[in-house]
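The values are calculated or read from the model by the stated rules, or taken from the named source; none is laboratory data. All of these numbers come straight from a predicted model, not from anything done at the bench. Here the Cβ is made from the backbone with ideal geometry for all residues, glycine too, and neighbour counts use every protein chain on show. Just so you know, the surface numbers come from the protein's heavy atoms only, side chains and all, with ligands and any DNA or RNA stripped out. Shrake-Rupley method; radii C 1.70, N 1.55, O 1.52, S 1.80 Å.
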Amino acid sequence: MQVVGYETDAASDSAASEGDAASDVDGDAPIDGATGPIGGGLYVASGGSVDFVDASPGTELAFGLGERRCAGTVHEGSHVACDAADAPYCDDHSHVWVCARCTGTCLKDEMDCHETHAMYLAAFAPDVLKVGVTREWRLGTRLREQGADRAAHIRTFPNGRIAREVEAELAAGDDLVDRVRVPTKLDGFGRAVDEAAWAALLDRFDPIERFDFDYGLDLDDRPVAETMAAGTVRGWKGRVLVLDRGGSTYAVDARDLVGYELTDAVPERELQSSLGAFGR
């Protein structure tokens, strides 16, 4: 049984779902995005079939990790395995979303991003500030699947090309980035956003709407970064699965699980304790 994918449940009972958030007329009141624990799970394949292993908050996972290789591909609901040693994907099964590299000059044979696009600012605790672009109808989902702590919709564009041009200009400055890697996000788990820095950034723009996310993790300290699939699920933040195990809390980048064979034998290997593991 091989992990071939993962999914974070970005749905929310808040009006902010799918970027259709409600706000007051002036757009000054923060909007709650995710209002509690976020669920998710792993897609696993065996013998060509694909099943979903639920990993919602409170779920007990009890898997060991075996060999890791390319996760192959899923086509029309069936898994096509690959024996290549490269993980999570070999060159033949790696897919790079070309639009993620766009700075306004279309990299496709024909431009197809004619939908309305939203430009947003996102804050990742404590003080990483990001500018990004997404299709307007996906705004709320996109922010939650990144694990943003604060966010603001600042501009709307008629298509993706114009939006990417402006995004590239803003990201070229000293105070905004257009990518935040998972280890950087993990550094902010259990910490608060620098509200002064966030407020100063918003003062430069006129936000259309603002978001204040709570993923229901209730973390007092930063969890320990580990790659494992055993423990009690505390919740998800972006693609990071948070597990409680043996009195400590661990953060697992779900992408790091892709390609692994899951076993029934959970190893009793020594894990780093979260107590005092990081200086504050």
Roughly how many Å² of Val177 are accessible to a 1.4 Å probe, to the nearest 10? 60 Å²
Expressed in nanometres to one decimal, the distance between label points 7 Å along Cα→Cβ at Val80 and Arg191 is 4.4 nm
Beyond 28 Å, what share of the Cα-Cα pairs of region 128-280 is found? Please give it as a whole percent. 31 percent
Cys82 neighbourhood, Cβ < 10 Å, K/R = +1, D/E = -1, net charge -2
Could you list which residues have their amide H under 5 Å from that of Gly40, counting only those 5 or more apart in sequence or on another chain, with H placed in the peptide plane? Asp9, Ala55, Ser56
Just from the alpha-carbon atoms, what are the Rg and Dmax of region 180-243 in angstroms? 14.5, 45
Vicinal HN-Hα couplings computed from phi for region 131-148 (Karplus, 6.51 cos²θ - 1.76 cosθ + 1.60; Hz; Gly/Pro x): 10, x, 9, 8, 4, 4, 5, 9, 3, x, 5, 4, 5, 6, 6, 8, x, 5
Extension length gain for Asp174 and Trp137 (0.36 nm per residue less Cα distance), in nm, is 10.4 nm
What is the sum of charges, Lys and Arg at +1 and Asp and Glu at -1, for the other residues whose Cβ falls under 11 Å from the Cβ of Thr8? 0
